[in-house]
Structures are given as structure tokens and as C-alpha cells.
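> The structure follows.
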Ligand SMILES: [Zn+2]
């Protein structure tokens, strides 16, 4: 069963927090588990205009607090190793990345096994009025790359994804076909999408259709 | 294409990302128990139906999900200004 740390067990923890990673049972399944992308990758083409990969079962933490709360801002910087980025910016430190979502909200993504420890360290380092929510099970990360990745996004979102408006490191939340996604440019030809679990299948179906004309290569 | 400036994202975004959320500056009565039925009904149901300048509440629904205010001309759809909740409009009908 998942590990629960109650305030009475650990002095530094002010609220009960739970490790959402299951032990042996039940088995964790990513939002695109049913699509079996491993098999799709093995059987599908190896060359094409767009490459798609799910970065599954990562640890997703939503941080909320005011930029005027010094204990929140400095605590986050101390633990994350980077300052919470300003509007529409993202930051990275090793295998950790943090995205601005709204004026009082950031999304931190780390390897799945590190999320619980990170949450406790953040709670320990922060003060004042703030919130940390582990939303790992509620969303997943897709990477979209290749020479035609930008073309696919142009069909998918009304946001201007031209590099002059959407440079590397910029992150936006926008309409993604008929759903919504957090979209970040990670390179000249590479993007990261954070999509909701309940819309993951829709996004997968949409991307297969939208990428078809360029040749879609799924990576396992 | 119709762009709206989000004061929280600090850039213009496509209208598709936004939702209108009714008239702005509707203050909830501080002591609802002390309201007459007419006062309460006025707060709940009655809105101005301006022809011309109108102050509205909007939400950046698929973006930052924050609410903000907008002064808009209901005849031309021209957006005169956007401003954050808690701030007062600069463009008003009596100017
Ligand atoms: Zn916004």
C-alpha cells in the first residue's frame, strides 16, 4: 500500500501527505496504457516527419502560492535549485523541470520515484499560505518532435507557435484541438505537451490523425 | 481571429481561449440576511443591458484560468481595456 506520513509521525510535516506511487500492487498504468505505445513503436515506421513519445508515470506536483510570499518563493528556489519562473517561462535543473501555469501556480515534473521526497522537502522549506498537490495520476507528458512537429501544433492550437513568438523555454496553456494542453517548446523542433488523463485518448487519436500527412513515428 | 489581452499572461491570446462570465462589479451584499427580497433579487438576477460601453467579467478559460475585467463596446465589439479584478475601469460611459 502507499505510504502515508501523518503530522504526528514526522515533525517537519505539517499536513498528512501520501506517497502516491504504488508498491507491488496495484500496478500503475499511464493514461495511454491502453494504446500500448511500445508495440505501436515496434511495429510502426522508423522514419517520418513527427516523432511522438509518452514520458509516462512521471511525478507531477502543482505548487500554488503568492509571489509576495517570500517564504514560498525562497523555499521553492532552495529545494528546486531554480527560482520559480515568471509569466510564460519554464526552468530546468537536472531531471527536474518547472513550468509557470498562472500568476500563483507552477507545475513541477520530476522522475516518478522522486515526487514524494520532493513534496516533503518543499513543505519543510516553505512557509505561509501555500499548497502542493501531487497530480501525477491525473495527467501525462507527451513529446512531439521532428521537422513537422510545429506544423502539427499549428493545426492543433490557435496559439502562434512560430519561434519568434514561442521560443525555447516558453510555456503556455491553450486550446489543444477540442481539449486543453500545457505546451512548452523544448528545442527548435521539439515540444512537450502535458495533457489530462481523461483527454489522453482523445489527444492520442487527434495526434495520429494530425500527424498522418507528415508520417508519424511513435517511440516506445 | 479576435485577440484578447490577458492581464495575467500579459499577452494577446485567441478569443477561443476565453469565456465571458457576466457583468463586472456585482458586489455580493455584505449582510445577505439583512437584504430585502428586492435587494437580493437585484443582486442575483438583474443586470444592465448596455448598448455601448459595458464592464464585463471574463475568464481565460483554457489558459491561466484567471478572471479579469473588460470594458467592451457591445455595438462594435471593440475592447476598450482589460483590468484586473479589484481595479476600476479607466474607460467609463460618463466620459
Ligand atoms: Zn491568462
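> Go ahead and run the numbers for FRET between residue B:75 and residue A:43, Cβ-Cβ distance against an R0 of 41 Å, rounding to 0.05. Walk me through the numbers before you get to the answer.
Values: r = 59 Å, r/R0 = 1.43.
Calculated transfer efficiency: 0.10.
> Based on DSSP H runs of at least 4 residues, each adding -39500 (n - 2.57), what is the mean residue ellipticity at 222 nm of chain A after dividing by all its residues, to the nearest 500 deg cm²/dmol?
On the way: 5 runs with 49 residues, N = 220.
Per the formula, -6500 deg cm²/dmol.
> Turning to a different aspect of this structure: Can you pull the three principal axis extents for the Cα set of chain B, in Å, largest first?
Ordered largest first, chain B gives principal extents of 45, 29, 21 Å.
> Normalise the Cα radius of gyration of chain A by 2.2 N^0.38 Å (N = residues in it) and let me know the number. It would help to have the intermediate numbers written out before the result.
Numbers: Rg = 18.3 Å, N = 220, 2.2 N^0.38 = 17.1 Å.
Normalised Cα radius of gyration, chain A: 1.07.
> Same structure, new question: To check you understand DSSP bridge types, tell me what percent of the beta bridges within the protein assembly as shown (both residues inside) are antiparallel, rounded to 5.
Bridges in the protein assembly as shown that DSSP calls antiparallel: roughly 95 percent.
> Further question: Counting other beta carbons within 10 Å of each Cβ, put B:5, B:12, B:83 in order, fewest first.
Values: B:5 14, B:12 10, B:83 17.
By the 10 Å Cβ count, ascending: B:12, B:5, B:83.
> Still on this structure: So, in Å, what gap is there between the alpha-carbon centers of the stretch B:41-72 and the stretch A:17-59?
42
> Can you put A:39, A:179, A:157, B:36 in order, fewest other beta carbons within 10 Å first? List each step's numbers first, then the result.
Values: A:39 11, A:179 16, A:157 22, B:36 8.
Fewest to most other Cβ atoms nearby, the residues stand as B:36, A:39, A:179, A:157.
> In nm, what is the difference between 0.36 nm times the number of residues separating residue A:168 and residue A:28 and their Cα-Cα distance? Please report the intermediate quantities before stating the final value.
Values: separation 140, 0.36 × 140 = 50.40 nm, distance 3.19 nm.
Computed gain between residue A:168 and residue A:28 is 47.2 nm.
> I need the calculated FRET efficiency for the pair residue B:37 and residue B:93, taking r as the beta carbon distance and R₀ as 35 Å, to the nearest 0.05.
Details: r = 29 Å, r/R0 = 0.84.
Given R0 = 35 Å and the Cβ-Cβ separation, E is 0.75.
> Right, here's the next one. Rounded, prolate or oblate for the stretch A:128-220? Axes are the square roots of the Cα gyration tensor eigenvalues, ordered a ≥ b ≥ c, and the cut-off for rounded is a/c under 1.5. All intermediate terms of the calculation are to be shown ahead of the outcome.
Working: a/c = 1.92, a/b = 1.34, b/c = 1.43.
Oblate is the answer for the stretch A:128-220, as a/c is 1.5 or above yet b/c matches or exceeds a/b.
> Dividing the alpha-carbon Rg of the stretch A:58-137 by 2.2 N^0.38 Å yields what?
0.95
> Let me ask something else about it. Nearest 500 deg cm²/dmol is fine: what mean residue ellipticity at 222 nm does chain B get from its DSSP H runs of n ≥ 4 alone, each adding -39,500 (n - 2.57), divided by its residue count?
Calculated at 222 nm, the ellipticity per residue is -2500 deg cm²/dmol.
> I've got another one for you. In degrees, nearest 10, range 0 to 90: what is the angle between the Cα axis of helix A:70-80 and the longest Cα principal axis of chain A?
Relative to chain A, helix A:70-80 is tipped by roughly 60 degrees.
> Right, next: Hey, fewest Cβ within 10 Å first, where do B:31, A:104 land in order?
Ranked by crowding around the Cβ, least crowded first: B:31, A:104.
> Same structure, new question: Over the stretch A:58-137, what is the relative contact order in percent, taking alpha-carbon pairs closer than 8 angstrom and at least six residues apart?
Working: 166 pairs, mean separation 36.7, N = 80.
Rounded, it is 46 percent for the stretch A:58-137.
Rule-based calculations on the coordinates, nothing more; no lab input. Values in this document were obtained by computation on a predicted structure and should not be read as measured data. When we count neighbours, we look across all protein chains shown, and the Cβ atoms used for this are built from the backbone with ideal geometry, even at glycine.
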